[in-house]
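**Student:** Before I ask anything, let me first share the structure, which is written out below as structure tokens.
The values are calculated or read from the model by the stated rules, or taken from the named source; none is laboratory data. In this text, all values refer to a predicted model and were calculated from it rather than measured experimentally. Heads up, the Cβs are rebuilt from the backbone with ideal geometry, glycines too, and the neighbour counts pull from every protein chain shown. With ligands, DNA and RNA removed, areas are computed over all heavy atoms of the protein, side chains included. Shrake-Rupley method; radii C 1.70, N 1.55, O 1.52, S 1.80 Å.
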Amino acid sequence: MQSPYQPSDIESKWQKQWSDTGLYDTEENKEKPKYYALSMFPYPSGKLHMGHVRNYVITDVIARFKRMQGHRVLHPMGWDAFGLPAENAAINRGIPPAKWTYENIAQMRSQLKELGLSIDWSKEFATCSPEYYQWTQWLFLQFLDARLAYQKEAAVNWDPIDQTVLANEQVDADGYSWRSGAKVERKLLRQWFFKITDYAEQLLQDLDKLDGWPERVKTMQENWIGKSVGAYLEFPIVGREEKVAVFTTRPDTAYGVTYVVLAPEHPLTPIVTTAENKDKVEVFIAKVSQESEIDRTADDKPKRGTITGGKAINPFTNEEIPILIADYVLYEYGTGAVMGVPAHDTRDFKFAKENNLPIKVVISPDDSDEGDVCLLEAYTEAGTMINSGGFNGMKSVKGKEAIISYAEDQGYGQKRIQYRLRDWLISRQRYWGCPIPVIHCDDCGGVPVPESDLPVKLPEQVEFSGRGPSPLAKMGDWVNVPCPKCGKPAKRETDTMDTFIDSSWYFLRYTDANNEDEVFTLDCVNDWMGVDQYVGGIEHAILHLLYSRFFTKVVRDRGLVNCDEPFNRLLTQGMVQGLTYKSIKHKKKFVIPDNVETKEETNDKDEVITTYYEKETGDQLELVYEKLSKSKFNGVDPEIVLGKYGADTARMFILFKAPPEKDLEWQDADVEGQYRFLNRVWLLTNEFIDNADSAKDKTFEKSKLNKAEKDLRRAIHIAIKEISEDLNGDYQFNTAVSELMKLSNALRDCKAKNSPVYREGVETLIILLAPFAPHLCEELWHKLANKESVHTQSWLAVDETALVVDEITLVIQIMGKTRGTISVPASSSKDELEKFARESEVAQKYIVGKEVKKVIVVPGKLVNFVVPK
């Protein structure tokens, strides 16, 4: 009697065996081609979710497939372990961040291992480990030496009650502190930046090298970098030597500038503000300082401003124009000032109307010189220049270059390229992050910590209150140190680094993860880089990927790596969604399934309609698919799924349900379907093993195979061909699983189970299935008396001769109606097909004794006889 399929027993057994034998340790044989397969590493929140499972299973299938194709594979895992949640745990529960983080890592590592991932765990690291962040600090010093790291003042979220800096996540939608409830203010602090703008053009141009990236991701990065070609223009301030500098992509509208606007934070604001406007301006600045950048620039928010009393001169018209400040102008963007051309800019038009500012038309759509027309809205298209001095009558597109040349000749402008991309603010006023290795000395300024003193370790025994300055700033023993340059009393930098820095180079460290003496060796990093396949969520399409590209280019320029780009191919997997009960009346309200009442009602067409209601309120609900989330009461716990069905079933469902880049809709019935399929494979293989008459000999002569054997062999090699194609190029795991099911069905229906071909089919099914369901296939492979792991077997090659069809099924039609089929040689000519069909018993029933008016032959498919009724 066969033993039943027990995934829990099989999976734990083989996971231990693989670990004990080091089956997935990275192979160093450089005679083999390399393949670097990488999933975006997780934040150790403490528990895997189904999005994690999908990400890591996709990468694992790719890694297993490449090993079987003969590659040496680097498939590592680590932890993006610094961040705010650990610090919040310390504040709320009194748990030290390190303890909370490492406990979560241990739990999630155990969960990952239960999935049967072919990860080389010897490469594992956590970014919060001093052994890792020593090299993060070392790389910071490289940026500092290259003059790519600097300090300047920048705005932060400030809690005036707790007297502390807040992360964006700690500010609610209405702008209040998550902890104290205070209205959050914007405050200027001196902070560290990386000069990513120095690499803006490279980051933009090198997108063309990324053939293996989704086009939409490249477009998102291109838009984020935001290259604009335009003009830098200067407007002199009346009565002063200073000038208001602006950047514009519409220099053709320069004669239509009727005001200029400064950011409230602009250094010129107090200079241009007159005494009678001082109070009003200060009140406005105080109000704006309490708003977030998002609120100030939102399209659906009214644009507010106030006059300063200052005047500038439009150098093109020599007219005096007012200087205003407004909330929508940010000092960090461009020059921190904009020129107002209300006739030809939608935002300026609305702002001018609301503030009674003059509107001057300088571009006409129809060559009209009537510049004083009453506009109902801004005209923003190209046209003909009017009211523009010597440029009247010129097409505006040509006028852009003409105006720039004129401004350059006159000394108040020049052509300029500008980017939307801003320098990367890396300072965080937090404890649980990588300390910035700089010491501040009154005499020497900012002094780098000597490399021999790295890492600058985070102190322990820290008090977390959520109030006041960063916990590090309160640690006098840690902060106060001698200056490395002059030896006088000095202070450590108390800001820590943005956690994006940790994840912007981790893929480089994996190539030499255990090196205690160097960040990585040139030999190792140049051997493995770039990453051949990177897998992660679309939510990281901009910042993480852009920062990683920036880091790679900087370390390349420092002579540390040879590649230009970190990730050769990128797969952004879709979300995992679940059925969710959502209020129709209150769109953001989700209802727990236990609080749902289901009713079946009949409509006027006698159709049964199922409706859902919230038990407590009676509100009608809709049943929709939403991203899995605790807050939406639709979560699926991977531990429950693995406990009930096993890891192989979970993997199969994740891969079969949808193409990897599409959203996946979780349904328990589909999980059951994959569990049944694996059971069929289990039974099929065990029946073959238990069959005393089954073929033990693997050899056979192709020329002596009967029809059943040829048909099975064709099914075997079609599966090899199709699955190989599905796992190369654009990954189509779902269709690959379908092909595995077809092969399983062909084996089940085969009438030649004692044939060596049947054994070939069983072994082929197990090998092809192995990357998808590794535990089951390892067990069955050994049951077939194989000594080596199925995962060390070579991927199978297609025998093209097996795909050749000896016979085809020919459809016989009479007057276009199918009457039956016959088998005929596949090589038959049209005349031979007609002869076979005409002589068949099927046709004879209908044409004997009748005149055949016409015969239609479709080669390889059918023969249709046209006979009189």
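**Student:** Relative to the longest principal axis of the chain, what angle (0 to 90°, nearest 10) does the C-alpha long axis of helix 396-410 take?
**Tutor:** Approximately 40 degrees, to the nearest 10.
**Student:** What list of ³J(HN,Hα) values in whole Hz, one per residue of segment 673-682 in order, does the Karplus curve 6.51 cos²θ - 1.76 cosθ + 1.60 (θ = phi - 60°) give from phi, with Gly and Pro shown as x?
**Tutor:** Once rounded to whole Hz, the list reads x, 6, 5, 5, 4, 5, 4, 5, 5, 4.
**Student:** Can you tell me the 0 to 90 degree angle between the C-alpha axis of helix 84-93 and the longest principal axis of the chain, rounded to 10?
**Tutor:** 80 degrees
**Student:** Something else: Relative to the first principal axis of the alpha-carbon coordinates of the chain, what is the inclination of helix 733-749, with its axis defined by its Cα atoms, in degrees from 0 to 90 and to the nearest 10?
**Tutor:** So the inclination is approximately 10 degrees.
**Student:** Rounded, prolate or oblate: pick one for segment 421-499, where a ≥ b ≥ c are the square roots of the eigenvalues of its C-alpha gyration tensor, a/c under 1.5 means rounded, and failing that, prolate if a/b is larger than b/c, else oblate.
**Tutor:** Note, shape of segment 421-499 comes out oblate.
**Student:** Determine the distance separating the Cα centre of segment 242-262 from the Cα centre of segment 1-37; give it in Å without decimals.
**Tutor:** 66 Å
**Student:** Sorted by accessible area with a 1.4 angstrom probe, largest first, how do MET652, MET575 fall?
**Tutor:** Accessible-area ranking of MET652, MET575, largest first: MET575, MET652.
**Student:** Continuing with this model, one more query. What ranking, highest mean first, results for peptides 252-261, 507-516, 757-766, 789-798 when packing means the other Cβ atoms within 10 Å averaged over each residue?
**Tutor:** The densest-packed peptide leads the list: 252-261, 757-766, 507-516, 789-798.
**Student:** Excluding GLU401 itself, calculate the net charge of residues whose Cβ lies under 14 Å from the Cβ of GLU401, where each Lys or Arg counts +1 and each Asp or Glu counts -1.
**Tutor:** Result for the local shell: +3.
**Student:** At q = 0.20 Å⁻¹, what base-10 log of I(q)/I(0) does the Debye formula yield for segment 766-863 when every alpha carbon is treated as an equal point scatterer in vacuo?
**Tutor:** The Cα Debye sum returns log10 ratios of -0.92.
**Student:** While we're on this one: Could you tally the net charge around GLY22, taking each other residue with its Cβ under 13 Å from the Cβ of GLY22, Lys/Arg +1 and Asp/Glu -1?
**Tutor:** Net local charge, GLY22 excluded: -3.
**Student:** Given a 1.4 Å probe and every protein chain left where it sits, what share in percent of the accessible area of segment 78-121 is carbon and sulfur?
**Tutor:** 53 percent
**Student:** Counting other C-beta atoms within 10 Å, and keeping those with at most 15, which DSSP coil GluC sites (Glu not before Pro) do you find in segment 13-100?
**Tutor:** Here the GluC sites (Glu not before Pro) that fit, given the DSSP loop and packing criteria, are GLU27, GLU28, GLU31.
**Student:** Let me cross-check THR297: its accessible surface, 1.4 Å probe, with only protein heavy atoms counted, in Å² to the nearest 10?
**Tutor:** Accessible surface of THR297 is approximately 60 Å².
**Student:** Kindly flag which residue pairs out of LYS474/LYS589; LYS702/LYS835; LYS66/LYS632 have an alpha-carbon separation exceeding 32 Å in this structure.
**Tutor:** LYS474/LYS589; LYS66/LYS632
**Student:** Take the alpha carbon atoms of segment 704-809, find their radius of gyration, then divide it by 2.2 N^0.38 Å using N residues; give the quotient.
**Tutor:** This ratio for segment 704-809 stands at 1.06.
**Student:** At 1.4 Å probe radius, can you tell me the per residue accessible area of segment 518-570 in Å²?
**Tutor:** Heavy-atom SASA per residue in segment 518-570 reads 30 Å².
**Student:** I would also like to ask the following. Just to compare against my own numbers: the Cα pair-distance distribution for segment 503-553, 5 Å bins, whole % per bin, please.
**Tutor:** Reading the bins upward from 0: 4, 19, 27, 25, 15, 8, 2, 0.
**Student:** Separate question: Straight-line reach only, C-alpha to C-alpha below 13 angstrom: list the aspartates and glutamates that LYS491 could link to, leaving out same-chain residues fewer than 8 apart.
**Tutor:** The reachable aspartates and glutamates, counting only those whose Cα sits under 13 Å from LYS491, are ASP442, ASP443, ASP477.
**Student:** OK, next. How big is the convex hull of the Cα atoms of segment 545-650, per residue, in Å³?
**Tutor:** 219 Å³
**Student:** Can you grab the distance from the C-alpha centre of segment 498-526 to the C-alpha centre of segment 276-346, Å, no decimals?
**Tutor:** Spelled out, the Cα-based centre of one part sits 46 Å from the other.
**Student:** For the full complex of protein chains and a 1.4 angstrom probe, list THR552, THR598 by accessible area with the highest value first.
**Tutor:** Descending accessible area places them as THR598, THR552.
**Student:** Within the set LYS16/LYS787; LYS657/LYS742; LYS303/LYS353; LYS16/LYS123; LYS303/LYS585; LYS123/LYS553, which residue pairs have Cα atoms separated by over 22 Å?
**Tutor:** Flagged as over cut-off: LYS303/LYS585; LYS123/LYS553.
**Student:** Are there any chymotrypsin sites (Phe, Trp or Tyr not before Pro) in segment 656-745 that are in a DSSP loop and have at most 13 other Cβ atoms within 10 Å? List them by number.
**Tutor:** Counting only loop positions with at most 13 other Cβ atoms within 10 Å, none of the chymotrypsin sites (Phe, Trp or Tyr not before Pro) in segment 656-745 qualifies.
**Student:** May I ask for the Kirkwood hydrodynamic radius of segment 470-593, worked out over all distinct Cα pairs and given in angstroms to one decimal?
**Tutor:** 18.8 Å
**Student:** While we're here: Mean separation of Cα pairs under 8 Å and 6+ residues apart, divided by the residue count of the chain: what relative contact order is that in percent?
**Tutor:** 12 percent
**Student:** May I ask you to give the percent of accessible area on segment 198-308 that is carbon plus sulfur, with a probe radius of 1.4 Å?
**Tutor:** 52 percent
**Student:** Moving on. Restricting to Cα pairs below 8 Å that are 6+ residues apart, what does the relative contact order work out to for segment 186-269? Please round to a whole percent.
**Tutor:** So the answer I get is 16 percent.
**Student:** Indicate the gyration tensor shape class of segment 626-735 (rounded, prolate or oblate), computed on the Cα atoms with a ≥ b ≥ c the square roots of the eigenvalues: a/c under 1.5 is rounded; otherwise a/b larger than b/c is prolate and the rest oblate.
**Tutor:** Oblate shape, in that a/c is at least 1.5 and b/c is the bigger or equal ratio.
**Student:** Measuring from centroid to centroid over Cα atoms, what is the spacing of segment 712-750 and segment 582-598 in Å?
**Tutor:** 42 Å
**Student:** Would you tally the net charge around THR552, using a Cβ to Cβ cut-off of less than 14 Å, leaving THR552 out, and scoring K and R as +1, D and E as -1?
**Tutor:** +2
**Student:** Pull out a ≥ b ≥ c, the square roots of the eigenvalues of the alpha-carbon gyration tensor of segment 140-228, then state rounded if a/c is under 1.5, prolate if not and a/b is larger than b/c, and oblate in the remaining case.
**Tutor:** Judged from the Cα gyration tensor, segment 140-228 comes out oblate (a/c at least 1.5, b/c at or above a/b).
**Student:** Please state the relative contact order of segment 548-680 as a whole percent: Cα pairs under 8 Å, 6+ residues apart?
**Tutor:** Once normalised by length, the contact order is 25 percent.
**Student:** Go from 0 up to the bin containing the longest alpha carbon distance in segment 353-466, width 10 Å each, and give me the % of pairs per bin.
**Tutor:** 10, 21, 19, 10, 10, 18, 11, 1
**Student:** With a 1.4 Å probe and all protein chains kept in place, how much accessible area does ILE640 have, in Å² rounded to the nearest 10?
**Tutor:** 110 Å²
**Student:** Let me ask something else. Once the mean 1/r over all distinct Cα pairs of segment 46-98 is inverted, what Kirkwood radius in angstroms do you read off?
**Tutor:** Evaluated on segment 46-98, it is 13.9 Å.
**Student:** Given 10 °C and 1.306 mPa s, how large is the Stokes-Einstein diffusion coefficient of the chain in µm²/s, with Rh as the Kirkwood radius over Cα pairs?
**Tutor:** Rounded to a whole number, D works out at 48 µm²/s.
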